[in-house]
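One structure is given here, and the rest of the page talks about it.
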Amino acid sequence: MSTQHRVLVVDDSPNIHDDIRKILQRDDASSTKELERMSALLFDGPTTPAKPSIRHTFDIDSAFGGEEGIEKIQASMRNEKPYMLAFVDVRMPPGLDGIETISSMWRVDPSLQVIVCTAYSDYSWEAAISELGHSDGLLFLKKPFDEVEVLQGAHAMARKWWLQRAVNERVDDLEGIVKVRTRELEARNALLEREISERQRVEEQFRYLATHDSLTGLANRVLLYDRLRHAIDQAQRYKHPVGVALIDLDAFKPVNDRWGHQVGDMLLREVAERLKELTRQSDTIARMGGDEFVAVLERLNDAAEAEIIAGRITEGLRRPFSIDGHAIEIEGSVGLAVFPEDAEDAESLLKGADAAMYRAKAEGRGRWDRCTNVWGSGKSAIGEELARALEQGGLRLAFQPVVGFDSGEILSMETLIRWNHAELGDLSPSYFVRAAETSGLAKPLGDWLLDTACAAYREWKEEGIAPRAVAINVSGSQLQRPDFVDAVTTALKRHGLAPVQLEVEVTESAAMEDMGRSVDMIGQLAALGVRVVIDDFGAGISSIRRLKKLSVSAVKIDRFWTEHIATNPDDAAAIGAIIAMARSLGLEVVAEGIETPEQVAALQAIATVRTPPVTCDRLQGYLVGRPLKNETAKQLLRESQRKPGFEELISLTADLKAD
């Protein structure tokens, strides 16, 4: 293979041009033999023939002075046909000498290889290098020429030029690759930064929405608990009472039915403003959800002052509200509980106020009542009654279906404890779980729930109507029990259930109480094969980083977010953010509190407005199933197998009596 290179001879003597042309342009065969002869002389003997390599042929051009040589170099660069090698005479009177010519040539084409031809000693090697600045690409030949030296020098310099050109091209290619890769990395980094910024924005938005009511701007349940606990801490330190007034609007539903949800939302905002007017600046007003508000009355002089404020609220709410041209009259029932007389912690104060509010409604609405201290000084008596109920079969389970979002299939049944109290009637767990924990009954109550739920599921299996799983709710204290996983394993074996047929629901706040212990216990349950679900998700303030540490399968969005999803875009946006976050962690999503087709439509709409689409996996709520006694639950399971489908399930549940 041969490749041709351009050579420029710069010398004022025509004879030199002829000599160099004769040496370099002899025929290929003679050139090859001459190179072999030179190699034999160089290496002291014949050499083994090498594989065919590149042979350099030369296209020789002439310049008879330094200025002309420089012009030819410039023209070759403009035409993109550079010279590979230049033979340059040192003395070319009367113009530029060889060293000045070479310096100018290199400024035009730095890759040009140069053989300096001289018969004089006016420039030593050191002097030439000092003048030119470097020796790379430079070779000296003395006149008269030795043909071998000329031929070897030309081939060596050609090879060097060729290799340097290949290196430069490879470097250019690599630089191009680096630039492309750099642009790709920059694009990926920019995308990553946008994703991180979006996630931070979503988390910040979620944190804000987690502490504020999007409709009224009031504190929500999360911030309420924080303020109430702080108020109790201050009250214990400075020895003054704290009041909790729970306000529930009477006959609010007819307002929505008559004038629509938009007017209803406007009324709720006006109620929020009026409650601020009726209370003190130091008090905290919160919206618990729906038409329910709470006022935390701090730094009271005495309990009587709280009663005065409760009376002022009931009177103030009777004044008509002017909403969108309508004069709307509405009343509110108020329940009052006072620390430390009625209760000693935030949970008990709110429960006491809630019980008092329902009593006020029962007595005629539009009035207030105070907690009767059932949950305060009566804790011991409640504990004793609960213990007797456990022993004598006074507790029972209700079952509420959890269904597939797309299919309407009943995927699991959540168990809910019911206690038929002799004086207070049917009580939900929120009223007596606290008493169970403070009276040492949390373990026997939890064991009863676990065993009874597994027994019910076994019964369903035997009848061929069992869903995929039965779900139990676990308190924080129960989750922290060292023997809890053993208790689960024992119950599963006793009733012949596979671990995947049991789900454990633990509230967000309970899971975060002792993070290290929760990580361990939930991890053991997940390793066993039990599905763990974070209940009431969004009701507390927990970081995504902490949630990632828990080996959970799903999160259940708190009803606070789903209640007004059909009418409040902020709630819909918050739910979309929660679902997107859960998806990024590989978790399923359950939406609870679903009571209307409009809520389902709103959840479906979320999937169409986000990229990538996000939607719930499961639903729970009165629309698809109320809590049912066991016999009624079995009826629903049978009928849903016979008539599968979402609309069919809604129709079935509408005809069943709730527990």
Complete set of residues in the stretch 136-159 that are outside any loop (DSSP other than H, G, I, E, B) and either open to solvent by less than 10 Å² (accessible area, probe 1.4 Å) or β-branched (Val, Ile, Thr) (or both):
Val148, Val150, Leu151, Gly153, Ala154, Ala158
Subset of the stretch 474-488, residues of a type in the set (Ser, Thr, Tyr) and open to solvent by less than 40 Å² (accessible area, probe 1.4 Å), comes to Ser475
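Inspect all residues belonging to the stretch 468-484 and state whether any of them is assigned to a helix (DSSP H, G or I) and acidic (Asp, Glu). Quick ask: steps written out before the conclusion?
Residues of the stretch 468-484 that are assigned to a helix (DSSP H, G or I), as a first pass: 476-479, 484.
Add one more test, that the residue is acidic (Asp, Glu), and what stays is none.
For the stretch 468-484, residues assigned to a helix (DSSP H, G or I) and acidic (Asp, Glu): absent.
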Within the stretch 335-359, restricting to residues that are over 18 Å from Asp226 (Cα atoms), open to solvent by 10 Å² or more (accessible area, probe 1.4 Å) and assigned to a helix (DSSP H, G or I), the one that is modelled with the highest pLDDT is Asp354
Take Leu603 and decide whether it is open to solvent by 10 Å² or more (accessible area, probe 1.4 Å) and touching a helix residue (DSSP H, G or I) at 6+ places or on another chain (Cβ under 9 Å).
no
Taking the stretch 243-284, which residues are among the acidic types (Asp, Glu), within 30 Å of Asp302 (Cα to Cα) and either in a strand (DSSP E or B) or open to solvent by 30 Å² or more (accessible area, probe 1.4 Å) (or both)?
Asp248, Asp250, Glu270, Glu273, Glu277
Looking at the stretch 496-514, which of its residues are within 16 Å of Val590 (Cα to Cα) and open to solvent by less than 30 Å² (accessible area, probe 1.4 Å)?
Glu503, Val504, Glu505, Val506, Glu508
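Out of everything in the stretch 175-214 that is under 27 Å from Val296 (Cβ atoms) and out of contact with any Gly (no Cβ under 9 Å at 6 or more places or on another chain), what residue ends up being least open to solvent (accessible area, probe 1.4 Å)?
Per the stated criteria, the residue is Thr211.
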Could you please find all residues in the stretch 631-659 being open to solvent by 40 Å² or more (accessible area, probe 1.4 Å), at pLDDT 90 or above and in contact with a Leu (Cβ under 8 Å, 6 or more places away or on another chain)?
Gln635, Glu639
Answer yes or no as to whether Asp97 is open to solvent by less than 70 Å² (accessible area, probe 1.4 Å), more than 21 Å from Ala154 (Cβ to Cβ) and acidic (Asp, Glu).
yes
So which of Gly446, Gly440 ends up being open to solvent by less than 30 Å² (accessible area, probe 1.4 Å) and either assigned to a loop (DSSP other than H, G, I, E, B) or at pLDDT below 95 (or both)?
Gly446
If you take the residues of the stretch 528-549 that are at pLDDT below 90 and in a loop (DSSP other than H, G, I, E, B), which of them is nearest to Ala572 (Cα to Cα)?
Gly538
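Does the stretch 200-215 contain any residue that is touching a residue at least 60 places away in the same chain (Cβ under 8 Å) and of a type in the set (Phe, Trp, Tyr)?
Here is the first cut: in the stretch 200-215, the ones touching a residue at least 60 places away in the same chain (Cβ under 8 Å) are 202-203, 205-207, 209-211, 213-215.
Subset that is of a type in the set (Phe, Trp, Tyr): 206.
Within the stretch 200-215, one or more residues are touching a residue at least 60 places away in the same chain (Cβ under 8 Å) and of a type in the set (Phe, Trp, Tyr).
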Can you name the residue in the stretch 100-111 that is open to solvent by less than 20 Å² (accessible area, probe 1.4 Å) and in contact with a Leu (Cβ under 8 Å, 6 or more places away or on another chain) and is also modelled with the lowest pLDDT among such residues?
Ile102
Number of the condition not met by Gly593 [criteria: (1) at pLDDT 85 or above; (2) in contact with a Ser or Thr (Cβ under 8 Å, 6 or more places away or on another chain); (3) on the phi < 0 side of the Ramachandran plot]
(3)
Checking Thr101, Thr118 in turn, the sole residue that is within 22 Å of Ser13 (Cβ to Cβ) and either without any contact (Cβ under 8 Å) to a residue 60 or more places away in the chain or within 60 Å of the chain's Cα centre (by Cα) (or both) turns out to be Thr118
So, in the stretch 388-433, of the ones that are among the acidic types (Asp, Glu) and assigned to a loop (DSSP other than H, G, I, E, B), which residue ends up modelled with the highest pLDDT?
Glu409
Suppose the filter is under 18 Å from Ala353 (Cα atoms) and surrounded by fewer than 16 Cβ atoms within 10 Å (Cβ to Cβ); does Ala295 pass it?
no
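Rundown of residues vs (1) at pLDDT below 85; (2) among the basic types (Lys, Arg), yes/no style:
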{"residue": "Lys142", "(1), (2)": "yes, yes"}
{"residue": "Asp146", "(1), (2)": "yes, no"}
{"residue": "Met157", "(1), (2)": "no, no"}
{"residue": "Lys160", "(1), (2)": "no, yes"}
{"residue": "Leu163", "(1), (2)": "no, no"}
{"residue": "Leu174", "(1), (2)": "no, no"}
{"residue": "Thr182", "(1), (2)": "no, no"}
{"residue": "Leu185", "(1), (2)": "no, no"}
{"residue": "Leu191", "(1), (2)": "no, no"}
Just one of Gly217, Gly133 is loosely packed, with under 14 Cβ neighbours inside 10 Å, within 30 Å of Met288 (Cα to Cα) and not aromatic (Phe, Trp, Tyr); which is it?
Gly217
Does His240 satisfy being surrounded by fewer than 22 Cβ atoms within 10 Å (Cβ to Cβ) and assigned to a loop (DSSP other than H, G, I, E, B)?
yes
So for the stretch 364-372 (the condition being at pLDDT 80 or above, open to solvent by 10 Å² or more (accessible area, probe 1.4 Å), at negative phi and assigned to a helix (DSSP H, G or I)), does at least one residue qualify?
no
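The values are calculated or read from the model by the stated rules, or taken from the named source; none is laboratory data. All figures in this text were calculated on a predicted structure; none of them were measured in a lab. Glycine gets a Cβ as well: all are built from the backbone with ideal geometry, and neighbour counts include every protein chain shown. Surface accessibility is based on the protein's heavy atoms, side chains included, excluding ligands, DNA and RNA. Shrake-Rupley method; radii C 1.70, N 1.55, O 1.52, S 1.80 Å.
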